[in-house]
1. Within the group Ile387, Ile372, Ile365, which residue is of a type in the set (Val, Ile, Thr) and assigned by TED's automatic domain parsing to the domain that holds Ser262?
2. Would you say Asn110 is under 20 Å from Thr492 (Cα atoms) and of a type outside the set (D, E, K, R)?
3. Working carefully through the options Thr12, Thr50, find the one that is in the same structural domain as Leu288 (by TED's automatic domain parsing), assigned to a helix (DSSP H, G or I) and surrounded by fewer than 19 Cβ atoms within 10 Å (Cβ to Cβ).
4. Residues being without any contact (Cβ under 8 Å) to a residue 12 or more places away in the chain and closer than 21 Å to Ala494 by Cα: count how many of those fall in region 513-554.
5. Has region 223-242 got any residue that is assigned by TED's automatic domain parsing to the domain that holds Cys394 and either in contact with a His (Cβ under 8 Å, 6 or more places away or on another chain) or not in a helix (DSSP H, G or I) (or both)?
6. Consider Ala357 carefully, then state whether it is within 24 Å of Tyr429 (Cβ to Cβ), in contact (Cβ under 8 Å) with a residue 40 or more places away in the chain and of a type outside the set (Val, Ile, Thr).
7. May I ask you to list the residues in region 388-407 that are over 16 Å from Val340 (Cα atoms) and either of a type in the set (A, V, I, L, M) or assigned to a loop (DSSP other than H, G, I, E, B) (or both)?
8. Give all pairs with beta carbons closer than 8 Å in which a residue from region 60-79 that is under 8 Å from Ala47 (Cα atoms) meets a residue that is assigned to a loop (DSSP other than H, G, I, E, B) and among the acidic types (Asp, Glu); count only pairs at least 6 apart in sequence or on separate chains.
Amino acid sequence: MTPALHTSRKSTILGMCIISLLAGGYLGWHYNQGWIAHDEGLLGHTAELTMLGQTPHVEFQDVYTGLLSHINAVSFKIFGISLASLRIPLLFGAIITSMVWYLIALRLVNPLFAGIVAVTSTVWSFPNYFAALPSWYLLMLASWTAWALIKFHETTSRRYILLAAVLSGLAILFKIVGLYLVAASLFSIWISDLDNNRKQTENTKQQTHPVAKSYPRLISFGLAGIFTLLVVLLIKKHLSFSTSVYFLIPVAASMATMLEVSKEIRIHFKDTVMNCLIFSAVLCLPILVFIFPYMLKGHVADITNGLFDLPKARLDHAAALPPNGLWSLVAVPVVGLTIVENKISRSMILPLTATIALGGACLCILATNTLIYQSAFAGVQCSLPAISMGAWYCSRKYDLAMPVVILTLVSGCLSITQYPYSSGVYFCYCAPLVILTLTGLIGRVSSYDKPLWLTFLMLLAAFSVIYINYSNPRLIGVSSQRLENNKSLQTTRAKLQIESILQKEYNLLLQIINEHTTTTDFILAGPDCPQFYFLSGRQNPTSQCYDLFRAYQLGGQSQLETELKTLIGEKDIDLFIQNQLPEFSLPYSHEFIGWLESWGDRSPTIGSGRFQIFIRKNK
């Protein structure tokens, strides 16, 4: 019997209200603070193009599947054209997701503990980079899907399969890596009625023609092996000890957990296959609705290219590998404690709790030191391999509850979304699922000690609030840099609070753009700085926001630069903004920069000097 079944409806609703108020207050207070300019520019520019009637992947390159551009376009229509408007749907989604984390945690631990889990999950996620990126929506949909899968396990009602299928389909429409959620969902459905099977009496078994054990187990083994192999093929370009530990172990351990549990399959094999087929069919519905307009207009090749071909360029150019795999060993004592805790003498619990409280408090105090901060963050970031292995061990030695198995599958599969850009902030996109899986191990036995683990989780939350939340998202996991986001740009298209130094730089750049062009003019900005098109309201003569995708399409950097020269003449462009430090695309060649210097006058350096403006000669 799960803790949630012992909780009254009124208590559950009260808990959800408290969590929503805490999350809404904390996130709403800071929701418009901070930015990474090229991310915000990408979101704003693609949303505006969509609002104006252009089609993602046809008239312009959408970095993601395309649903986000439509949602952001609707946000502009409702809340006005500004970057702050894009964060309003994210705010409401984050509040709902915090409540869903509470509902999931109720299946694992008591209400007080579940509330702490939900709060800890919240502070390890959205406040660390509150931009309306698809990865946050993917986390939301994965969390809601996990809840739907758990409810299906509890009730065997197929309406939860339908809900999980729709949510998984929407995840793909936000970002193609939503396919990992589809895999986790199918594996969860495959084994979802196992606990119910365990409860079948011998009479029921005699009345049912059982399916031979070998067939389900053989299929389970084959599916697990194929999926693991696909992950190996995905990361083979960056295959190393660290990537193997960080990506392969969670997947392999979750597959091993599924195989251990699947030993119990005896009956309802046909029903399970039918459930998977229903899920797959319903999954296709939102996808078909989305691509139907493309099919009508004969643009299937465009969206196929955008979803499957162009991401190869991202794999080639945008990579940040995870920390050393040895950091996973830091989580081994914690996971081991969740396994052997019921065997520890009660007299030892208080000293253990005091040790964790003292050690964690010292760590929170001393984490102003960069080395200690990095060590603490890396220990948390690399904890999933140990947690997944702990779940597999428990599935072999004990009766692991199905919600924990489902969370292990979802967190293991969703961890792959961090590839190939495994920076600290990318861990935040799946951190709540890791925390929930650990909570499942903590609450595995009814005798779990509440003070010990409550102390641990509260220290984990305190570390995030003090050192990660609303700091520089670029440096998460490297160092804690608190930013003073208290200035606004002199344009109604932002309405965000940013740093003073960036405000001055961008205000001067926008002033030059306004002096030399009008809102009907084309300008060129690159590589990788779509923010100037959106903030200035000027037109983009290219189809891309990031040059690397167009260079990939054309066959190389030189072809891209040739195209830019042609566009400058065809569109009568008077102003070119060069980003001298692109984060993803290649910088422009010396030959192209030399051509720019002959074409236009170089403006004096502004601010950091990262952006250089060329204004056409003899204008």
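The values are calculated or read from the model by the stated rules, or taken from the named source; none is laboratory data. Bear in mind that the values here come from a model prediction, so they are computed numbers and not experimental data. As a convention, Cβ positions derive from the backbone with ideal geometry for all residues, glycine included, and neighbour counts pool all protein chains shown.
1. Ile387
2. No, not satisfied.
3. So the residue among Thr12, Thr50 that is in the same structural domain as Leu288 (by TED's automatic domain parsing), assigned to a helix (DSSP H, G or I) and surrounded by fewer than 19 Cβ atoms within 10 Å (Cβ to Cβ) is Thr12.
4. Of the residues in that region, 2 qualify.
5. Checking region 223-242: at least one residue is assigned by TED's automatic domain parsing to the domain that holds Cys394 and either in contact with a His (Cβ under 8 Å, 6 or more places away or on another chain) or not in a helix (DSSP H, G or I) (or both).
6. no
7. Ala401, Met402, Val404, Val405, Ile406, Leu407 - these are the residues of region 388-407 that are over 16 Å from Val340 (Cα atoms) and either of a type in the set (A, V, I, L, M) or assigned to a loop (DSSP other than H, G, I, E, B) (or both).
8. Cβ pairs passing all conditions: Ser69/Asp62.
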